[in-house]
Amino acid sequence: MALDLAFSDEVLEKALRMLADDADPQPALELIAAADDVHRKEHAVEVLGVAGQRHLDLLRDLADRQPYGPERWLLLGASLAAAAWTARGTADGEHTSHRQLRDQEVLVGEARRALRRAAALNLSDPVPWSELAGVVLGAPLYTSEPTDVFKRAMILAPDLYRAHTRYLAGLTNKWYGSQERVLAFARTRVAERPDGHPFLALIALAHIEGYVDGLLRGTVITRFWRAWRYFADAAIRLEVDAASDRLLAGAAAFADHPWTITAHQTFAALYHQANVPGRARPHLRLSGTRPAVWPWRYFGDPERLFAAAVSAGS
């Protein structure tokens, strides 16, 4: 899985490079342990977990040698979670092999145990529950586990961005939900947020999920027809454009939020896919110089698509 570099944080950059390239987790563990802002911690753990999946044996050993260090279990759990999704792949259930699902299930079980250990060692930390929201999506122990985990995260921190995007994904058709549930969730969560809040990207994500769902069902002709007409729908464009305008209107107030770059790239990805470069342009100006993995990955190679969007919008 590619590293997600859609951020501007020198401390995180150093920790990521040391973990990914040098198999040195110490800067990552120090960053996680010292984080006093749950949003930055959630973002850092997400980024570092993708790198950590390359060094699972090392992280397992570190956690076993100091079993009372919550940051060790949290990094291990996030890394196992990333490895589980890598093992599964990005296809829907009908196009995922039994072996992929078995490999994912084993890693999910280990990730669940590590993250619950991290949560037990630091009862006030919502980030293990945010990570669990993604873990249980792939292989829940019981029907309501994704909702129970999400609610636990919300009790501790009601505005965690990644926890919300994970839960939104679990409401989609591919996870036996519906587009109506996805949209209802996004609209409810956005309604009370101020302009500029990264949560506004939930509207874009909801419609990206609806668009992608149309690409996964039916014949080639019906898939093409759904894709062509989805973003041409006036009501959909009105809702997306309104959320886009609100994110841009309050951009200065949330410029330092760790998920702001990702939020702007979400709109940029949607407008690039909808072939509306003028609408993508202002979001790309606030997107940094490196692509987020998601949602670009839905449509192909993130670096290539990001570069194409920047070129089209310039």
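What the table shows:
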read-out	value
Residue in the range 62-76 that is farthest from A163 (Cα to Cα), counting only those that are part of a loop (DSSP other than H, G, I, E, B) and open to solvent by 60 Å² or more (accessible area, probe 1.4 Å)	Q66
Hits in the range 295-312 (condition: outside any loop (DSSP other than H, G, I, E, B) and either free of Cβ contacts under 8 Å to residues at least 40 places away in the same chain or open to solvent by 40 Å² or more (accessible area, probe 1.4 Å) (or both))	W296, R297, Y298, F299, E303, R304, L305, A307, A308, V310, S311, A312
Sole exception among (1) part of a helix (DSSP H, G or I); (2) under 23 Å from L286 (Cβ atoms); (3) not β-branched (V, I, T) for L5, by number	(1)
Scope the range 10-39; condition open to solvent by 90 Å² or more (accessible area, probe 1.4 Å) and more than 16 Å from P70 (Cβ to Cβ); matching residues	E10, V11, K14, D21, D22
Candidates A292, A243, A268, filtered to the one that is among the hydrophobic types (A, V, I, L, M, F, W, C), in a loop (DSSP other than H, G, I, E, B) and either on the phi < 0 side of the Ramachandran plot or open to solvent by 20 Å² or more (accessible area, probe 1.4 Å) (or both)	A292
Any hit, the range 84-104, residues being farther than 17 Å from V50 by Cα, open to solvent by 40 Å² or more (accessible area, probe 1.4 Å) and modelled with pLDDT of 90 or more	no
L59 being open to solvent by less than 30 Å² (accessible area, probe 1.4 Å), touching a Gly at 6+ places or on another chain (Cβ under 8 Å), closer than 26 Å to S124 by Cα and touching a residue at least 40 places away in the same chain (Cβ under 8 Å)	no
Odd one out for E180, checked against (1) among the charged types (D, E, K, R); (2) open to solvent by less than 20 Å² (accessible area, probe 1.4 Å); (3) over 14 Å from the mean Cα position of the chain (by Cα)	(2)
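The values are calculated or read from the model by the stated rules, or taken from the named source; none is laboratory data. Treat the numbers as computed from the prediction; the structure is a model and nothing was measured. Neighbour counts run over all protein chains shown; Cβ positions are idealised from the backbone, glycine included. Remember, those area values only see protein heavy atoms, side chains included, never the ligands or the DNA or RNA. Shrake-Rupley method; radii C 1.70, N 1.55, O 1.52, S 1.80 Å.
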